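Below you'll find the structure, written out as structure tokens, and then a few comments.
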Amino acid sequence: MCGIVGYIGKRQASPILLDGLRRLEYRGYDSAGLALWSDGGINVFRKAGRIENLRKAVNEISPFGDLGISHTRWATHGAPTDENAHPHLDQSGKLALVHNGVIENYQILKDQLKQDGHEFHSETDTEVLAHLAGTFYDASDEADLKTRLVKSVQEALSRVKGTFGVAVMHADVPGVIVGARLGSPLVVGLGKDEQFLASDVAAIVAHTRDVIYLNDYDLVTLTRQGYEVASLDSQRTARVQVSKVDFTEDDAEKGAFEHFMLKEIYEQPQSIRNALRGRLNRDECTAVLGGLNMSPMELRQIDRIIFSGCGTAYHAAMVGEYLIESLARIPTEIEFASEFRYRNVPTDKNTLQFVVSQSGETIDTLAALREAKRKGLRCLGIVNNVASTIARESDGGVYIHAGPEIGVAATKTFTSQVAIMTLLSMLFGRIHHLSSTDGLEMIDELEAIPEKIESILKQAPLIKSIAEKYAHAEGMLFMGRQINYPVAMEGALKMKEISYIYASGHPSAELKHGIIALVKPELPSVFIAPDDAVYDKNVSNIEEVRARKGPVIAVTTEGTHDIERITDDVIYVPRCKSILSPLLTVIPLQLLSYYVALARGCDVDKPRNLAKSVTVE
Ligand code: F6R
């Protein structure tokens, strides 16, 4: 969603700020802006639409400034217009502020400020915060201007309800940027005589890999020479830890690929190897997941597991449910994080909760984690983004180590999450019912998966031609059974989000209970029908669709040629243990949605209305 980049140092700030915003584009936005400090004044630029519009506006003037803050906005309060884009100024026009999050009590504050004579120029909640901070600044008699700015930001934030990541600068306070966070990520980048502030480390990794991930209630004051972190909450002391970013600028670039999504689809053999590395124990025929922070005794006591997540992470959790119940026989439930947080799910001391999130910042998943902890549950994270809020607030967990995922549509993180679910099911399985022979077979089969994915990727030209054939379909149905039902859901989600074709995923047998009414020549069905225990059942469902002249694309196992007789197009995946098939069957669906979107001329990496990390409810 919204993005923040701040810079203070010796260099021209605007190229750094614009480049940082470009690197945050993937998070989703609809307007952008920046404020630069120069010669005792602040130049503000704000443009609706792409960052390119902002770049042009800035380059027309080419202002010098070695301090600045910038923002990409994903509209919540007010349409995506120039006026509503950040930064916003206070009443004096001297204090500039950018903000991620939502100020829930902004209307009350705005009404009060209006009564005091303030004039507003936007419909945003953020402008209210800028005016409020400016009011405290102007009213203060503090002689030290840096302290005065810090205190005014502190005062303003203590009056607001909601969530925020903010960056603030003031025309009269040269050489200072103030940042603070509550519920919206913010990271400080440390350089030599220069400092950075960003909502996502990807924005600044080209300049520094030494960073401080701020915690909720942290307030940071940046100067050229360094930083100070204080707490907005008098009850708690700010804890500062300098970390090293574990990826480079190149990892967050497209390289030779046309889109990030395609690059990330092709990275899957490697990202799965990374998820498995060091976590398979052949001697014990099991998985090793030290980050769970649980003793064998504690693990053995778990008699119920709950997974929560959103979107693709939820689909990976659905696969996890099948895996754990099959291999470990532990009753497992999946809950949409957004539902879990408002439900009163019965739990007891032997229930273990996992929250699954690529970004580690999804607000609903974070809220599910907090709700679980409030109820005394042990809550672990399955997270990609190291040092994200979910990673830090959970009681332990497993990093999926997929590397930065920039394409808005999640691809490699789905397979990495499923790989981790598989490890969990092996770990729990081996302390319950799974034999050493079966454990060892799982290890062998898992280790063979990356190579099998490589062979599927080689079929991209075939999948592209199938995609082009159906690119203008009215809609698409995705059908799967058992462990491939979540894959059908995931295939439909990918298709919807990047090609804007309406698609839905269903258990194949549900067809007869209503969905079949939709079947017609203009609506293709994609069946995920590997050669497993329910293959024949899937074949019967395919026949039902064929009988009603619905085109069928099948994803099935190599060697299952009889399916060609009843389908229009077939994509083969290598044979593997049935329970691992989602790791293979999802790959053609990712490629199918990618090539359909391409054929329809859609912006694959930045689909409309979507944001990579959903930090509002
Ligand atoms: C789909 C997609 C979203 C995310 C969802 C959760 O391609 O990307 O559905 O999966 O917003 O995001 P994380 O995993 O960051 O919590």
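The values are calculated or read from the model by the stated rules, or taken from the named source; none is laboratory data. Here the structure is a predicted model, which is why all the values come from computation and not from measurement. Positions of Cβ are generated from backbone atoms using ideal geometry, with glycine treated the same way; all protein chains shown enter the neighbour counts. To get the accessible areas, we keep the full protein, side chains included, count just its heavy atoms, and leave off ligands, DNA and RNA. Shrake-Rupley method; radii C 1.70, N 1.55, O 1.52, S 1.80 Å.
Surface composition of segment 3-246: carbon plus sulfur atoms contribute 46% of the solvent-accessible area (1.4 Å probe, protein chains only, all chains present).
Distance between the modelled labels on Arg304 and Lys512, one decimal in nanometres: 3.4 nm (7 Å Cα→Cβ projection).
Per residue Cα convex hull volume for segment 459-604, in cubic angstrom?
Working: hull volume 13.2 nm³, N = 146.
Taking only Cα atoms, segment 459-604 has a hull volume of 90 Å³ per residue.
Oblate is the label for segment 134-195, because a/c, from the alpha-carbon gyration tensor with a ≥ b ≥ c as root eigenvalues, is 1.5 or above and a/b does not exceed b/c. Rounded if a/c is under 1.5, else prolate if a/b beats b/c, else oblate: with a ≥ b ≥ c from the C-alpha gyration tensor eigenvalues square-rooted, which is segment 3-246? It comes out rounded by the Cα gyration axes.
Which value, to two decimals, describes the C-alpha radius of gyration of segment 9-150 once divided by 2.2 N^0.38 Å? Mind dumping the intermediate values first?
On the way: Rg = 15.2 Å, N = 142, 2.2 N^0.38 = 14.5 Å.
Segment 9-150 yields a ratio of 1.05.
Nearest 10 degrees is fine. How inclined is helix 13-24 to the longest principal axis of the chain, computing both from alpha carbons? So the helix axis and the longest Cα principal axis differ by about 20 degrees. Hey, quick one: spin label on Lys349, modelled 7 Å out along Cα-Cβ, who in segment 363-393 has an amide N within reach, i.e. under 13 Å? Counting only backbone N, you get 376-378. Solvent exposure of Ser435, expressed as accessible area, is near 50 Å², computed with a probe of 1.4 Å over the protein chains only. For segment 421-515, the orientation-averaged shadow of the C-alpha convex hull comes to 8.5 nm² (one quarter of the hull surface). Residues in segment 79-84 carry Karplus couplings, in order, of 5, x, 10, 4, 5, 7 Hz; the curve used is 6.51 cos²θ - 1.76 cosθ + 1.60 with θ = phi - 60°, and Gly or Pro positions show x.
Between the residues Asn53, Thr72, Ala202, the greatest Cα displacement towards the positive end of the dipole of segment 3-246, with unit charges on the Cβ of Lys, Arg, Asp and Glu, is found for Ala202. Here's how it looks for Arg575: its modeled amide H is under 5 Å from those of Glu558, which are all 5 or more places away or on a different chain.
If the segment from His77 to His432 were pulled out straight at 0.36 nm per residue, it would be longer than the present Cα-Cα gap by 122.6 nm. Measuring r between the beta carbons of Arg600 and Ala143 and using R0 = 56 Å, the FRET efficiency lands at 0.35. Under a cut-off of 14 Å between alpha-carbon atoms, report the aspartates and glutamates in cross-link reach of Lys110, not counting same-chain residues fewer than 8 places apart. List returned: Asp90, Glu119, Glu123, Asp125, Glu127. Please report how far the C-alpha centroid of segment 100-156 lies from that of segment 527-588, rounded to the nearest whole angstrom. Each part's Cα centre sits 60 Å from the other's.
Under 14 Å of direct C-alpha separation, and excluding same-chain neighbours fewer than eight residues apart, Lys254 reaches these aspartates and glutamates: Glu25, Glu264, Glu267, Glu405, Asp605.
Given a 1.4 angstrom probe, what's the average accessible area per residue across the chain, in square angstrom? It would help to have the intermediate numbers written out before the result.
Values: 23150 Å² over 617 residues.
Counting only protein heavy atoms, the per-residue value for the chain is 38 Å².
For segment 340-420, just say rounded, prolate or oblate: build the C-alpha gyration tensor, square-root its eigenvalues into a ≥ b ≥ c, call rounded for a/c under 1.5, and beyond that prolate if a/b exceeds b/c, oblate if not.
Working: a/c = 2.09, a/b = 1.90, b/c = 1.10.
The shape class here is prolate.
Can you list the lysines whose alpha carbon is less than 16 Å from that of Lys452, not counting same-chain residues fewer than 8 positions off? Lys452 reaches Lys412, Lys577.
Viscosity 0.890 mPa s, temperature 25 °C: Stokes-Einstein D of the chain from its Kirkwood Cα radius, in µm² per second? Please list the in-between numbers first.
On the way: Rh = 25.5 Å.
Estimated diffusion coefficient is 96 µm²/s.
What percent do you get for the relative contact order of segment 255-457 when only Cα pairs under 8 Å and 6+ apart count?
Numbers: 378 pairs, mean separation 64.1, N = 203.
Worked out over segment 255-457, it gives 32 percent.
Helix 485-499 axis versus longest C-alpha principal axis of the chain: approximately 50°, rounded to the nearest ten. Applied to segment 208-219, the Karplus parametrisation 6.51 cos²θ - 1.76 cosθ + 1.60 on θ = phi - 60° returns per-residue 3J(HN,Hα) values of 7, 10, 9, 9, 10, 7, 6, 9, 3, 6, 6, 10 Hz, with x for Gly and Pro. Under a 5 Å amide H cut-off, with hydrogens placed 1.01 Å from N, Ile306 pairs with Glu333, Leu352, Gln353, Phe354 among residues at least 5 apart or on other chains. What the Cβ-Cβ distance of Glu339 and Ser38 gives, at R0 = 60 Å and to the nearest 0.05, is a FRET efficiency of 0.75. Treating each Cα of segment 255-457 as an identical point scatterer and summing with the Debye formula, the log10 of I(q)/I(0) at q = 0.10, 0.13 Å⁻¹ comes to -0.39, -0.66.
What does the highest-first list of 585-596, 180-191, 140-151, 108-119 look like by mean Cβ count within 10 Å?
Numbers: 585-596: 27.4, 180-191: 23.7, 140-151: 15.2, 108-119: 13.3.
Highest mean packing first, the order is 585-596, 180-191, 140-151, 108-119.
Close amide H pairs (under 5 Å, H built 1.01 Å from N) link Ala238 with Ser231, residues at least 5 positions away or on another chain. Subtracting the Cα-Cα distance of Arg239 and Leu610 from 0.36 nm times their residue separation leaves 130.2 nm of extension gain. For the chain, the longest principal axis of the Cα atoms and the long axis of helix 106-115 meet at an angle of about 20 degrees.
Our analysis of segment 471-513 gives Rg over Rh at 1.00, with the two radii drawn from alpha carbon positions and Rh computed by the Kirkwood formula.
Computed over the chain, the per-residue total of -39500 (n - 2.57) for DSSP H runs of n ≥ 4 gives a 222 nm mean residue ellipticity of -11000 deg cm²/dmol, rounded to 500. Taking R0 as 51 Å, what's the FRET efficiency between Gln112 and Thr248 from their Cβ-Cβ distance, rounded to 0.05? After rounding, the FRET efficiency stands at 0.60.
Potential lengthening of the chain between Gln12 and Lys373 amounts to 125.4 nm, from the contour at 0.36 nm per residue minus the alpha-carbon distance.
Here the 3J(HN,Hα) profile of segment 565-580, calculated from phi with Karplus coefficients 6.51, -1.76 and 1.60 at θ = phi - 60°, is 4, 10, 10, 8, 9, 10, 10, 9, 10, x, 5, 8, 4, 3, 5, 9 Hz, Gly and Pro shown as x.
From the alpha carbon centroid of segment 415-494 to that of segment 273-335 is 16 Å.
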